[in-house]
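Student: Sharing a structure with you now.
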Amino acid sequence: MKKYIYLIFTLVLCASCQSIDKRSYNIDSVASPQGTEVFQPDWKNIAENYRFPEWFADAKFGIFIHWGVYSVPAYDNEWYSRNMYQEGHHAYKHHIATWGAHDKFGYKDFIPLFKAEKFNAEEWVKLFKEAGAKYVVPVAEHHDGFSMYDSDLNEWNAVNMGPKKDIIGLLKKATEKEGLIFGLSTHRAENAWFYNGGMRFPSDVQDTTISLYGRRYDNEKYTEDFAREWLTHTYELIDKYEPKLIWFDWTVNNPILMPYFNKFMAYYYNNSLDWGENVVVNTKQGYPTDVQVWDVERGKSGKMMQFPWQTDTSVGKKSWSYIDGEENKSPEQIVHDLIDIVSKNGNLLLNIGPRADGTITDEQKEVLLSIGKWLKINGEAIYGTRCWKKFGEGNTEPTKGSFTDNTATAYTAQDMRFTTKGNDFYAVILNWSDNGILIKSLDKEAIADARILDISLLGSDEKINWKQTDEGLKIFFPEKKPCEYAYSFKISFDKKVGEHLKSEAVNEVMKHGA
């Protein structure tokens, strides 16, 4: 009987959702509003026409922002909106104890409490710029279905209720004012099934007139009808905000959604031609790495990649959004991860979680400012660089793969990562040594055709002593440390030394993991 009632609710809900207002978005076409249709929704066509942006390859470091209605309860993590409706889950029990029964106080009832009264987009972006970030990616809509932007298609948005502000529009304006690149993420695909637990016991989710709660499908189930709705909302974000990067969570690789995602890519890339901009799409799995940027959640690739890729991770270890009792990573751990990622042809997208009122915690501010302090000295070895023919040396095995980066790796001075820029080679040493270091990869044979003109340590005015040996290049540290966490030696040659790895079997990583 319980399953029968659930089925009836689902059928009624699906019928009510099919009347979505498509406005002027023609999702049967991938042509831009100006009629550009160079890109078509197939991977071969996209791979032949798409070029990874230089700005993305140069930027290396961006800021992700998880901020929304889920920041009000500030409990467990950003999945509170789902877990509060999962019977037996500790978030379910917490909700009843703190806020009351689900049919009296549901997730929608947090919206009036999400006032964002202290939100200041310009202050945020100035902080991100001080941290050394080159692009900013706020969440435009999370799994909870609440749009943080001025949506014509979703009445549950931050302009109509809650903050009564176009959060995404304000962040775009502030980001571009500071000369940074603006992107956004949309997680609307997961909204289709995110609240389905609330259909199994008395809750406000059973009120099918509340479109915030999506389709209430079984876990990760999709229909063509929903796929069309999803694509319409995604077209709206492109047309209204012209983001230079759009990030997606995992279920866009679903077989039902995939053809519509291919349409999205073609439409987005066609629009970018009209804008005169190169853009980036991020997905986690399921799509070729030559048509969009592969993203690794809370982890890293274990090898150098042929095409640009990205790690998305958070300052906080427990949650992407603000929660009480968060434990934050140290600046040293994040800087070490950034260096390792960049040496393997990747970027780091680092998340922060502001409070519901729009303030950022002092702890997360301090982490960002500490990273910025390191980058002010060592940024030359990071920004605008390209990887060498190998990513580095050392015996310490770093973490790799998704969901592996909460524990810091204890590097030694024998652990180093390489980057290049023109005729300059950067060896970033991941710990200090009073005895100097030996770069085995730069032995006499490896650089036989090039001559070292100078070696310096970024941030230091002291003369650096070095000598070339058959075993490698021996470099001695100066007396004073110029910074904390890692130390960047700049080795200037009279010509380029080696080339970027071009033959990495990227598909093997996609098949077998990073």
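Student: Only residues that are of a type in the set (A, V, I, L, M, F, W, C) and either touching a residue at least 40 places away in the same chain (Cβ under 8 Å) or not in a helix (DSSP H, G or I) (or both): list them for region 328-352, please.
Tutor: Across region 328-352, the qualifying residues are Val335, Leu338, Ile339, Ile341, Val342, Leu348, Leu349, Leu350, Ile352.
Student: I want to confirm something. Restricting to region 1-32 and keeping residues that are under 28 Å from the mean Cα position of the chain (by Cα) and modelled with pLDDT of 95 or more, which single residue is nearest to Leu153 (Cα to Cα)?
Tutor: Here the answer is Ile27.
Student: Something else now. What number goes with the only condition from (1) closer than 30 Å to Lys104 by Cβ; (2) in contact with a Phe, Trp or Tyr (Cβ under 8 Å, 6 or more places away or on another chain) that Ile210 does not pass?
Tutor: Going through (1) closer than 30 Å to Lys104 by Cβ; (2) in contact with a Phe, Trp or Tyr (Cβ under 8 Å, 6 or more places away or on another chain) one by one, Ile210 breaks only (2).
Student: With Asp424, Asp449 as the choices, which residue is surrounded by fewer than 18 Cβ atoms within 10 Å (Cβ to Cβ) and farther than 25 Å from Glu297 by Cβ?
Tutor: The unique qualifying residue is Asp449.
Student: Here's a follow-up. Return the residues of region 97-146 that are closer than 21 Å to Lys164 by Cβ and charged (D, E, K, R); say none if nothing qualifies.
Tutor: Residues satisfying the conditions are Lys108, Asp109, Lys115, Glu117, Lys118, Glu122, Glu123, Glu141, Asp144.
Student: Is it the case that some residue within region 135-152 is part of a helix (DSSP H, G or I) and assigned by TED's automatic domain parsing to the domain that holds Thr209?
Tutor: Within region 135-152 (the criterion being part of a helix (DSSP H, G or I) and assigned by TED's automatic domain parsing to the domain that holds Thr209), the answer is no, since none of the residues qualifies.
Student: Hey, which of the strands (runs of 3 or more DSSP E) in region 378-469, taking only ones fully inside, have at least 3 residues that are touching a residue at least 12 places away in the same chain (Cβ under 8 Å)?
Tutor: The strands (runs of 3 or more DSSP E) meeting that bar are 416-421, 424-429, 437-439, 452-457.
Student: Step by step: first the residues of region 339-398, then only those that are polar (S, T, N, Q) and surrounded by fewer than 18 Cβ atoms within 10 Å (Cβ to Cβ), then the one that is farthest from Val296 (Cα to Cα). Which residue is that?
Tutor: Among residues in region 339-398 that are polar (S, T, N, Q) and surrounded by fewer than 18 Cβ atoms within 10 Å (Cβ to Cβ), the one farthest from Val296 (Cα to Cα) is Thr359.
Student: Going by the structure shown, is Ala192 modelled with pLDDT of 95 or more, closer than 21 Å to Tyr80 by Cβ and in contact with a strand residue (DSSP E or B) (Cβ under 8 Å, 6 or more places away or on another chain)?
Tutor: In short, no.
Student: In the list Phe146, Phe110, Phe128, which residue meets the criterion of being surrounded by 20 or more Cβ atoms within 10 Å (Cβ to Cβ) and closer than 23 Å to His233 by Cα?
Tutor: Phe146
Student: Another question, if that's okay. Exactly one of these conditions fails for Ser301: (1) over 22 Å from Glu141 (Cβ atoms); (2) touching a Gly at 6+ places or on another chain (Cβ under 8 Å); (3) surrounded by fewer than 23 Cβ atoms within 10 Å (Cβ to Cβ). Give me its number.
Tutor: It is condition (3) that Ser301 fails.
Student: Separate question: Give the residue, chosen from Lys129, Lys104, Lys93, that is in a helix (DSSP H, G or I) and more than 29 Å from Ile246 (Cβ to Cβ).
Tutor: The unique qualifying residue is Lys93.
Student: In region 307-327, what residues are of a type in the set (Ser, Thr, Tyr) and part of a strand (DSSP E or B)?
Tutor: Selection gives Thr311, Thr313, Ser314.
Student: Looking at region 155-174, can you tell me whether even one residue there is touching a residue at least 12 places away in the same chain (Cβ under 8 Å), in contact with a His (Cβ under 9 Å, 6 or more places away or on another chain), assigned to a loop (DSSP other than H, G, I, E, B) and buried (at least 24 other Cβ atoms within 10 Å of the Cβ)?
Tutor: No, region 155-174 has no match at all.
Student: Can you tell me which of (1) more than 17 Å from the chain's Cα centre (by Cα); (2) farther than 29 Å from Ala381 by Cβ is the one His187 doesn't meet?
Tutor: (1)
Student: Could you tell me how many of the residues in region 296-317 are closer than 16 Å to Gly62 by Cβ and either of a type in the set (Ser, Thr, Tyr) or in the same structural domain as Trp67 (by TED's automatic domain parsing) (or both)?
Tutor: Number satisfying all stated conditions: 3.
The values are calculated or read from the model by the stated rules, or taken from the named source; none is laboratory data. In this text the structure is predicted, and so the values were computed from the model without any measurement. Using ideal geometry, Cβ is built from the backbone for each residue, glycine included, and neighbour counts are taken over all protein chains shown.
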